[in-house]
Amino acid sequence: MTHPCVVTLERDSRPRVLFSGDQLVEVDLPVGTRVIYPKPPIEPLKDPDAAIRYALNHPLGSEPLYAKLTPGMRVTIAVDDISLPLPPMRRPDVRQRVLEVVLALLADHAVDDIEIIVATGIHRRMKAAEVRHMVGDKVFDAYWPDRLYNHDAEDRDNLAVVGTTDQGEVIELNKRAAESDLIIYVNLNFVPMNGGHKSLMCGLASYRSLMHHHNPETIRACESYMDPAKSELSNRLTRMGRVANQALNVFTIETTVNNRMFDPTLSFLAKNEDELDGRERALLSGLVATTARLPQVARQAIFEKFPAPYGVTGVWAGETEAVHEKTLERCFEQYSVPVSGQSDVVVFPIPYISPYNVHAYLNPLLVSVLAQGYLFNMNRGVPLVKKGGTIILLHPCSDKFDHEQHAPYIEFVHRLLPETRDAAELHKRSEKKMASDPAFIQMFRTGHAYHPAHPFYMWYWGENGRQHAGKVIVVGADNEYIPKLLGYETAPNMDEALYRAKNGEAKSLSVSCLHVPPIVMADVR
């Protein structure tokens, strides 16, 4: 039986409206194409604050949070950064809700040595206004900037080694957290790759520690890093996280949200085009026409204007692995759509946003990680595209970068990629040298740039998709240089892309289209 989210196009089917960056375009997909739509949003919890209090008092694999508290103890709260959810969540963000409940509980037990660290890892530092939006006015005004601040992965005086695995992996974390009597990690789990041991092992780690799992070897060994059961990335993070949790007193709080990412004004974008009413169809047509005419900055502003009205769907607390097991169940419940069999061709619309360009343009390196990294890995079972098959992506692939956030990306794309696209060679030749570049490190520590190792990690993140697919064809590119640099072909339209996918052979192709956003995972059997 076909799942209701999987639609097979017939001869009289309407065109699909897909994202190509911050533009919406109508695409005529061939008859027989399977279009895989996201599931409807899970019904949110009626009282998230009550659910948070219940989770703290009835934890999994741990004593309740209140039982861990003693007057005068040193507590560090780590909280996930702006890289999720996408787009940012309408206030109150669930992290604000958790923080307010936790801080009230700490105050009741005379715990006042508290610091809150935004667990940025080697992501960019969050700006004050972004932190305020995330944690709320009350917490921000009480703690920023002395007791609420961004983690600094390059502050050698504030890093500490807490252990080493039997594989020689060094676990180096934020010193304040490592020397605390209790670490409380507040997670917002947006995709199955996140959360669990990854939170602490990435969010409060140093570059020295991240190198053990953020590398081409690890990603090549993943069947899907969105499916922890088949992810070498998850295996290594778990191994390191268990050592850390033996040395530290860690209390994990994880939350999930549904996939209601569009404000009611734009909610029709999450629907099957065949199910739109007359008003919604008119709005969609108008938005297609509008984004075709407007300049890029204005187009992106349309989608960034309204924070996402996500609903909280779950809260769990306690021991890291016991908590994460429940989190993953809820994630897969929201995202996973059963799909029968692989396809010769998979179409990936590339939207305007990723975890690494909030309030910035989606540069070409981030296009590649969305295509061959995140979207390719949005599966369980086996990849949606057959081994050696073709990925068709929709995006202009403009040679455009945000100079504040992505300065190291420019160097990577324009100096290093012309030399080689081989991830192992880039890792061996150039990563450590660029990762220690003093100018880029200064921009990372005092500005809002990503760490100079980050563009390497983004290239590695697409490595299993790069090794699996036979070719990638871009429809809608506004230049030839960038796609060629990324190893892609270009085609002026979908018909030409599908013709090229046949490699000159007279054969029919099976085609699937992942209709994103919102998030959907293909559970391929």
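Below, the figures for the structure above:
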read-out	value
Tally, over the stretch 30-47, of residues that are surrounded by 21 or more Cβ atoms within 10 Å (Cβ to Cβ) and not hydroxyl-bearing (Ser, Thr, Tyr)	4
The stretch 489-525 - residue that is within 23 Å of the chain's Cα centre (by Cα) and not aliphatic (A, V, I, L, M) and, of those, farthest from residue 27 (Cα to Cα)	523
Condition met for residue 224 (of a type outside the set (Val, Ile, Thr), modelled with pLDDT of 95 or more and in contact with a Ser or Thr (Cβ under 8 Å, 6 or more places away or on another chain))	yes
Matching option when the condition is among the aromatic types (Phe, Trp, Tyr), assigned to a loop (DSSP other than H, G, I, E, B) and within 15 Å of the chain's Cα centre (by Cα), among 361, 356	356
Meets criteria (assigned to a loop (DSSP other than H, G, I, E, B), out of contact with any Ser or Thr (no Cβ under 6 Å at 6 or more places or on another chain) and surrounded by fewer than 21 Cβ atoms within 10 Å (Cβ to Cβ)) for residue 192	no
Some residue of the stretch 437-446 being under 24 Å from the mean Cα position of the chain (by Cα), basic (Lys, Arg) and surrounded by 14 or more Cβ atoms within 10 Å (Cβ to Cβ)	yes
Wholly enclosed strands (runs of 3 or more DSSP E) of the stretch 94-189 bearing at least 1 residues crowded, with 16+ Cβ neighbours inside 10 Å and of a type in the set (Asp, Glu)	113-119, 170-174
The lone exception for residue 390 - which of (1) polar (S, T, N, Q); (2) in a strand (DSSP E or B); (3) within 30 Å of residue 131 (Cβ to Cβ) it fails	(3)
Candidate set: the stretch 43-81, residues that are in a loop (DSSP other than H, G, I, E, B) and of a type in the set (A, V, I, L, M, F, W, C); chosen: the one nearest to the chain's Cα centre (by Cα)	45
Restricting the stretch 1-16 to residues that are among the hydrophobic types (A, V, I, L, M, F, W, C) and surrounded by fewer than 20 Cβ atoms within 10 Å (Cβ to Cβ), the residue that is nearest to residue 271 (Cα to Cα)	5
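The values are calculated or read from the model by the stated rules, or taken from the named source; none is laboratory data. Remember, it's a predicted structure, so these values are computed and weren't measured experimentally. Note that we place each Cβ from the backbone using ideal geometry, even for glycine, and neighbour counts take in every protein chain shown.
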